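J.: Below is a structure I'd like to ask you about.
The values are calculated or read from the model by the stated rules, or taken from the named source; none is laboratory data. The structure displayed is predicted, hence computed values, not measured ones. Counting neighbours? That spans all protein chains shown, and the Cβs are built from the backbone with ideal geometry, glycine included.
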Amino acid sequence: MKKYLCEMIGTAVLVLFGCGTAVASGSLIATAVAFGLTIVIMANAIGDISGCHINPAVSLAKFINKEIDLKDFLFYCLFQVIGAFIGAGILYFVLSSGELDVDKIGLGANLYGESISWFAAFVVELILTFVFVYTILDVTNDAKKSANAGVYIGLALTFVHLLGIGLTGTSVNPARSIAPAIIMGEDALEQLWVFILAPLCGAALSAFAFKFLKKTN
């Protein structure tokens, strides 16, 4: 149970600080760094208990790679989504406690808007997730890199955000997308399927690619 609670806490922190920075600062760089630093911090805080997936896409890749079983995969995903709602709920409470118009500024929900098509958004999210999750599989399965895995993974998340924020808001994490979209509704909810399906497909592709390119047993 402890590892599931850690996944819940970690995802709550990711959504609160990552989406919160996106809303409060409006800065691409600050948002990318906030998401990346959250991974570094939480990896050190809960990594030894749960592995610090805090992302259903990561958990799917670990399941395909046979690093976790089906029970852990399902419960990890459940508690990650619960954590995302906690983080988004706290953010909503803080923002709505004053004079800010939460309906206008949002909760950092993922949107591809009118600048690109849904298909382009799907491709972007698939590629970003592939790069991010492949990095995770590589550094967590390499004894020489695993000691600094949190730093590598945090940098990878920052890296993919730099490209993705202006196009889709960067999901690469279904839980991170689900909570803000459901709370805010409207366009974010209509487009949510892209930010669930594309990261899961990207994660699955990364797991199979890792098995083919890297795994020797």
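J.: Limited to segment 84-129, what total is found for residues that are farther than 27 Å from residue 205 by Cα and among the hydroxyl-bearing types (Ser, Thr, Tyr)?
T.: Going residue by residue through segment 84-129, those that are farther than 27 Å from residue 205 by Cα are 85-107, 114.
Going one step further and asking which of them are among the hydroxyl-bearing types (Ser, Thr, Tyr), we end up with 92, 96-97.
Counting residues in segment 84-129 that are farther than 27 Å from residue 205 by Cα and among the hydroxyl-bearing types (Ser, Thr, Tyr) gives 3.
J.: Go through segment 1-27 residue by residue and tally those that are of a type in the set (A, V, I, L, M) and over 16 Å from the mean Cα position of the chain (by Cα). Talk me through it step by step, then tell me what you get.
T.: First pass over segment 1-27, keeping only residues of a type in the set (A, V, I, L, M): 1, 5, 8-9, 12-16, 22-24.
Next cut, over 16 Å from the mean Cα position of the chain (by Cα) only: 1, 5, 23-24.
Number of matching residues: 4.
J.: Select from segment 140-171 the residues that are part of a loop (DSSP other than H, G, I, E, B) and under 12 Å from the mean Cα position of the chain (by Cα) and list them in ascending order.
T.: Within segment 140-171, the subset part of a loop (DSSP other than H, G, I, E, B) is 141-142, 147-148, 165-171.
Of everything in segment 140-171, those that are part of a loop (DSSP other than H, G, I, E, B) and under 12 Å from the mean Cα position of the chain (by Cα) turn out to be 169, 170, 171.
J.: To continue, here is another question. Here are 41, 105: which of them is of a type in the set (A, V, I, L, M, F, W, C) and modelled with pLDDT of 95 or more?
T.: Details: 105 fails: modelled with pLDDT of 95 or more.
The conditions single out 41.
J.: Does any residue of segment 152-163 turn out to be of a type in the set (Gly, Ala, Ser) and within 19 Å of residue 56 (Cβ to Cβ)?
T.: Yes, some residue in segment 152-163 is of a type in the set (Gly, Ala, Ser) and within 19 Å of residue 56 (Cβ to Cβ).
Residues are listed down the side, and each one gets a yes or a no for (1) farther than 18 Å from residue 13 by Cα; (2) without any contact (Cβ under 8 Å) to a residue 12 or more places away in the chain; (3) basic (Lys, Arg):
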{"residue": "65", "(1), (2), (3)": "yes, no, no"}
{"residue": "79", "(1), (2), (3)": "no, no, no"}
{"residue": "97", "(1), (2), (3)": "yes, yes, no"}
{"residue": "109", "(1), (2), (3)": "no, no, no"}
{"residue": "129", "(1), (2), (3)": "yes, no, no"}
{"residue": "142", "(1), (2), (3)": "yes, yes, no"}
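J.: Return the pair list, or none, for Cβ contacts closer than 7 Å from residues in segment 172-187 that are within 15 Å of residue 80 (Cα to Cα) to residues that are crowded, with 24+ Cβ neighbours inside 10 Å and of a type in the set (Ser, Thr, Tyr), at least 6 apart or on different chains.
T.: Between residues of segment 172-187 that are within 15 Å of residue 80 (Cα to Cα) and residues that are crowded, with 24+ Cβ neighbours inside 10 Å and of a type in the set (Ser, Thr, Tyr), the close pairs are 172/129; 175/11; 177/171.
J.: Could you tell me whether segment 172-191 includes any residue that is among the polar types (S, T, N, Q), crowded, with 22+ Cβ neighbours inside 10 Å and under 11 Å from the mean Cα position of the chain (by Cα)? Steps first, please.
T.: Pass one, segment 172-191, residues among the polar types (S, T, N, Q): 173, 177, 191.
Restricting the remaining residues to those that are crowded, with 22+ Cβ neighbours inside 10 Å gives 173, 177.
Now drop any that are not under 11 Å from the mean Cα position of the chain (by Cα), which leaves 173, 177.
Yes: segment 172-191 contains one or more residues that are among the polar types (S, T, N, Q), crowded, with 22+ Cβ neighbours inside 10 Å and under 11 Å from the mean Cα position of the chain (by Cα).
J.: Please count how many residues of segment 61-84 are under 19 Å from residue 1 (Cα atoms) and either within 17 Å of the chain's Cα centre (by Cα) or of a type in the set (Val, Ile, Thr) (or both). Step through it out loud before you land on a result.
T.: If we filter segment 61-84 for residues that are under 19 Å from residue 1 (Cα atoms), which is where we start, we get 62-63, 67-84.
Then drop every residue that is not either within 17 Å of the chain's Cα centre (by Cα) or of a type in the set (Val, Ile, Thr) (or both), which leaves 62-63, 68, 73-84.
Of the residues in that region, 15 qualify.
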